[in-house]
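The values are calculated or read from the model by the stated rules, or taken from the named source; none is laboratory data. Just so we're clear, the structure is a prediction, and the values are computed from it rather than from any experiment. Glycine gets a Cβ as well: all are built from the backbone with ideal geometry, and neighbour counts include every protein chain shown. Surface accessibility is based on the protein's heavy atoms, side chains included, excluding ligands, DNA and RNA. Shrake-Rupley method; radii C 1.70, N 1.55, O 1.52, S 1.80 Å.
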Amino acid sequence: MPDMTEYPPEPWRIKMVEPIRATTREYRERALRDAGWNPCLLRSEDVRVDLFTDSGTNAMSDRQWSALLRGDEAYAGARSFYVFEQAVRSYYGYEHVIPVHQGRGGENILSRCLIRPGTHIAGNMYFPSTLAHQELNGATFHDVIVDEAQDPASEHPFKGNVDLGKLRAVIAEVGPAAMPYLSIAATVNMAGGQPISVANLTEVCELAHANGIPVFLDTARAVENAWFVQRREPGWADRSIAEILRALCAPTDGAVMSAKKDSLANIGGWIGLRDSGLAERARDLVLLFEGLHTYGGMAGRDMEAIAQGIAESVDEDHIGARVAQVEYLGRRLHAAGVPIIRPLGGHCVCVDATATLPHIPRTEFTAQTLAAAVYLDAGIRGVERGGVSAGRDPETGENRFPPLEFLRLAIPRRVYTRAHIDLVADSVIRVHRQRDRIVNGLAFSYEPDHLRFFQARFKPTQGTSIFAEGGVE
Ligand code: PLI
């Protein structure tokens, strides 16, 4: 077991800085009230350490910044597209590379190409934007992840694995012809960044292919997944991260990528495919929704930055330090008795909100309430992953309450130092110690139709605060 204070020196030094500022408690109270108790609606300058997401918030390297200058901004056939295409082909192994502006652009295209009303998609837990596009196109999602993924305390090393029994049952129930594809993620964000093993993914693909069902991988954090495979899966310890990444993609039929995560870029994405007919259909739709098939909504410079970022993402020192920083925060919280999802995932530490605030019912959005309390304490911004994120069932209109309800603290890559991480740990530990003073949950004052966690506004269920008088000091 690593010791709690283990924190390897970052394999980079800082060349450019961006000021951040501390605010007072009174200031934050006003800011959060103005933001409808939704940290997503805060201005980033009112946030001290921003752990809302690791998506597009990464610090680019000097090599990426220099690559920007090489951007070819031609409308058609830009040189930068071919650099980008080559990088995706060689590191991920997909023959057809279709650029999109970010992950959900790719989800839109893939869902429109393959899903028909009344069809069924099975996958290892949902992700809000992926699910939204599947449902918009008329599919019903079936979660076939292993049961351990729903248990915050389970130490299962691959909580992103698919339960093959559950998958067989869905295939038997709806019939393979009604299943346009399987939607598999590496890692699984909504389970806390938990990996899938190469062995499980390979078996899933074998079962799907035997039934004529293609498999598409969400590769947003597949490099982080590869790191867990190297550390935890028998037979992979001596293989490089780059080799494991290829092995994860190899059995699949394609991928949708948000380059804002692993690839260390601030925007961008791609669809990777093996089937040339499907690639043609996807390119057709990219023209309508994203841009020409050689830029897909990105500038030439973005494609250059992503190509360089992909190469950096599989560097063993980089990925080791990245995951070690996440683990350091998790170990500090765990040691102080804060209930977190175990084992630690690749991009975030997730505080179990129902265990922290058992007195706040889920109908009062426990994790959203915890996110508000953590912001008020020291200006740390995380994101709710629970009932608010899960939205409503499109058929019944009822709120969905998935088994996990947590506050996600996602760590941007190469952005924060150990001192920032200690500030976060100290604040979350303080809120946890004073949790009994959080007495009210939250209710919607405005509820948007789609991806409601982004723009929703709330009010305390009683009075004007979630705190008993005096609040968190
Ligand atoms: O934010 P996009 O549109 O580039 O990507 C959507 C998306 C797809 N799959 C997965 C696993 C994601 O995590 C994801 C976006 N995630 C965000 C924004 C996050 O905060 O986790």
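General observations
- Any hit, the stretch 369-378, residues being within 16 Å of the ligand (Cβ to nearest atom), touching a helix residue (DSSP H, G or I) at 6+ places or on another chain (Cβ under 9 Å), touching a residue at least 12 places away in the same chain (Cβ under 8 Å) and open to solvent by less than 10 Å² (accessible area, probe 1.4 Å): yes
- Filtered residues of the stretch 76-107 (kept if out of contact with any Ser or Thr (no Cβ under 8 Å at 6 or more places or on another chain), within 16 Å of the ligand (Cβ to nearest atom) and open to solvent by 50 Å² or more (accessible area, probe 1.4 Å)): His101
- Neighbours by Cβ (under 7 Å, 6+ apart or cross-chain): first from the stretch 113-129, farther than 13 Å from Phe216 by Cα; second more than 16 Å from the ligand (Cβ to nearest atom) and of a type in the set (Val, Ile, Thr): His120/Thr140; His120/Val170; His120/Val174
- Filtering the stretch 131-157 to residues that are open to solvent by less than 20 Å² (accessible area, probe 1.4 Å) and under 15 Å from Asn189 (Cβ atoms) leaves Leu131, Ile145, Ala149.
- Hey, Tyr92 in contact with a Cys (Cβ under 9 Å, 6 or more places away or on another chain), in contact (Cβ under 8 Å) with a residue 24 or more places away in the chain and under 30 Å from Ala282 (Cβ atoms) or not: yes
- Residue match in the stretch 154-167 (condition: of a type in the set (Val, Ile, Thr) and within 19 Å of the chain's Cα centre (by Cα)): yes
- Strands (runs of 3 or more DSSP E) contained entirely in the stretch 389-473, each with at least 1 residues that are surrounded by fewer than 21 Cβ atoms within 10 Å (Cβ to Cβ): 442-446, 457-460
- Scanning the stretch 202-245 for residues that are within 19 Å of Ala259 (Cβ to Cβ) and among the polar types (S, T, N, Q) yields Thr219, Asn225.
- In the stretch 403-417, the residues that are farther than 12 Å from Ser389 by Cα and among the hydrophobic types (A, V, I, L, M, F, W, C) reach residues that are within 14 Å of the ligand (Cβ to nearest atom) and open to solvent by 20 Å² or more (accessible area, probe 1.4 Å) with C-beta atoms within less than 6 angstrom, at least six apart or across chains, in these pairs: Ala410/Thr53.
- Screening Gly212 with (1) at positive phi; (2) of a type outside the set (Phe, Trp, Tyr); (3) within 16 Å of the ligand (Cβ to nearest atom) gives one miss only, at (3).
- Within the stretch 168-194, the set of residues being more than 16 Å from the ligand (Cβ to nearest atom) and open to solvent by less than 10 Å² (accessible area, probe 1.4 Å) comprises Met179 only.
- Among the residues of the stretch 15-64, those identified as open to solvent by 20 Å² or more (accessible area, probe 1.4 Å), of a type outside the set (Ser, Thr, Tyr) and either closer than 20 Å to Arg452 by Cβ or touching a His at 6+ places or on another chain (Cβ under 7 Å) (or both) are Arg33, Asp34, Cys40, Leu41, Phe52.
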